[in-house]
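Read-outs throughout are calculated quantities, based only on the coordinates presented, and are distinct from any laboratory measurement. Just so we're clear, the structure is a prediction, and the values are computed from it rather than from any experiment. Virtual Cβ from ideal backbone geometry, glycine too; neighbours counted across all protein chains shown.
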Amino acid sequence: MKNQRGITLIGMVVVCIVIVLVAIGGLKIAPAYIEYFKIKKAITGIAQTNSKGTVAEVRQAFDRRAAIDDIDVIAGRDLEVTKEGNDIVISFAYPRRISLFGNVSVVFDFAASSNN
């Protein structure tokens, strides 16, 4: 009779716990990245369509788009608007803290620009 190989019940429970913890972490972190990509898409679109606009117009355009896309971590006043040649470059940076469980948190420092 050969020795049987495979995972034990305790091993299976440990693997399941690890999978559940990773899934919970992913479900809590994913919305922060989705929001970051929505902001990046908004500033890229605004930079392309408002290439002749003033800083105030660019910020108002972002605030309108943020209201539509449900962006609330950053506002038009938080954007840095500069000009490179004939193009407007919109930049932003913000931290995002996500509480995982208890007193354990994850902090992301998001930053992007409309020209990259």
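What to note about this one:
- Descending semi-axes in whole angstrom, ellipsoid equivalent of region 9-113, from the Cα gyration tensor: 38, 12, 11
- Packing-based ranking, highest mean first, of 55-64, 78-87 given that Cβ atoms within 10 Å are counted: 55-64, 78-87
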